[in-house]
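Read through the structure below, which is laid out as structure tokens, and then see the notes.
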Amino acid sequence: MSLHRDLNITETLMGKYSPLSQLSKKYLSQVIKRSQVMTFEGGETIFEKSHDLPFTYYLLKGKIKARKGLLSGETIDAQSQRCLNPINSSIPDGVSVKALESGHILMIDTKFMDRALGWTVAEAKKEQEEKTPKKKAPTLAPEAVTEQGEFDPEHFDWIASLLEFPLFFNLPPSNIDKIFEKFERVEVLEDQVIIQEGDEGDYFYLLVEGSARVVIGGHGDKPIRLSKGSYFGEEALVSDTVRSASVIMNEDGVLARLDKTSFQSLLHDPLVKSVTDAGFRQARAEKPEQTVLMDIRSKGEFEYAPLPTCMHIELGDLRQYISKLDKSKTYYLSEEGGQRSDIAAHILSQNNMNVYVIRND
């Protein structure tokens, strides 16, 4: 973010641009944090005639020339009112773009911005509903009264840290504010046991600060490392079984934990979508290249009762294969996987993938 700081790309500046101006302070901060800066010099070609536009682009400084042909073109000046909006419509594929003078463009993650706008609307709706209390509240001493809309930096930093986790991207906007209220901040120490293998599942965890290790069967010689940004504990909550491994802190850190009931209603259920077998077959018939049937049973189960034209990845190996999966496709978890398919769907959804569980009951 040093380039952002050097160029003075702040919440105050970007709050003037549409539709960023609609975002609440905490979400605008996160949208900017996820953005990238493109700098250019006069005479430099910014976009060739054939190009993609994977971001939402804001021209913050300089002048550029968008040219369709030798005789037609548009000069775009960062100082113009027009540039308070994204410039994507002026620089589509088929138009070459050249810098007339030095400057820079801010590239915003379009999908995250869209979700942040939804979250802001949901948050505002909740605040509006809570404005009029059902009964008169007791009078507080003057020093206890908090000014409406007062910014709480500690709370802001806590929410901002939770927003770092991609698993929230697919949640309905109405769930975001509710779920953040339910997460509990827990400071933990080096070598502290967070989850004990064999215990009942009670919480879902986010690793906000620090690192941890996963130990299976009491063997700590080859632990799995969890770093900042990891999440764990959902398997026992989804399948309603005991913990399958222990999780121990490698260093002092901070966790966010969510109780089982809140996890199920606010995080798991909204993420895990289902479809009937007939619905899956229709989807495959309409878009065969975009539809993937996946089975997450064990190798032995799959070999004994294989499914035709099916991708097989054992549930225990799913996380390490996620980076190799095509996120442009829709994945359908086989009914044969039972509750394990629910766990797999939750893991895939957390990684911003489109997934359904096939159910016929």
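Taken together, the values in this text are just the output of simple stated rules run on the coordinates, not laboratory data. For clarity, every value in this text was computed on a predicted model and none was experimentally measured. Neighbour counts are summed over all protein chains in view; Cβ atoms, including those assigned to glycine, are modelled from backbone coordinates with ideal geometry.
Things to note:
- For region 42-48, backbone phi angles converted through the Karplus equation (6.51, -1.76, 1.60; θ = phi - 60°) give residue-by-residue couplings of x, x, 7, 7, 8, 10, 6 Hz, Gly and Pro being listed as x.
- Net +/- balance of residues flanking Asn352 in space, Cβ distance below 12 Å, scoring K and R +1, D and E -1: +2
- Relative contact order, whole percent, for region 2-110 stands at 37, derived from Cα pairs under 8 Å and 6 or more residues apart.
- Shape category assigned to region 183-266 from the gyration tensor of Cα positions, a/c cut at 1.5: oblate
- Region 227-354: C-alpha pair distances exceeding 19 Å, %: 54
- In degrees, nearest ten, helix 153-162 long axis to first principal axis of the chain (Cα): 70
- Cβ-defined net charge surrounding Arg319, 14 Å radius [Lys, Arg +1; Asp, Glu -1]: -1
- Cα-based helix-to-principal-axis angle, 339-350 vs the chain, degrees rounded to 10: 20
- Computed per residue of the chain from DSSP H runs no shorter than four, each worth -39500 (n - 2.57), the mean residue ellipticity at 222 nm is -7500 deg cm²/dmol.
- Label corresponding to P(r) over Cα pairs in 10 Å bins from 0, in percent when calculated from the structure given, among [x] 5, 18, 23, 21, 15, 10, 5, 2, 1, 0; [y] 5, 24, 34, 24, 10, 2, 0; [z] 5, 19, 24, 23, 19, 9, 2, 0: [z]
- Classification of region 253-302 by its C-alpha gyration tensor yields a prolate form. The axis ratio a/c (a ≥ b ≥ c) is 1.5 or more, and a/b outweighs b/c.
- Shape call, region 2-110: gyration tensor on alpha carbons, a/c limit 1.5: prolate
- Note on the chain: GNM, Cα springs under 10 Å; of Lys16, Lys324, Lys33, the largest mean-square fluctuation is that of Lys324.
- Percentage relative contact order, region 272-358, counting C-alpha pairs under 8 Å, at least six apart: 38
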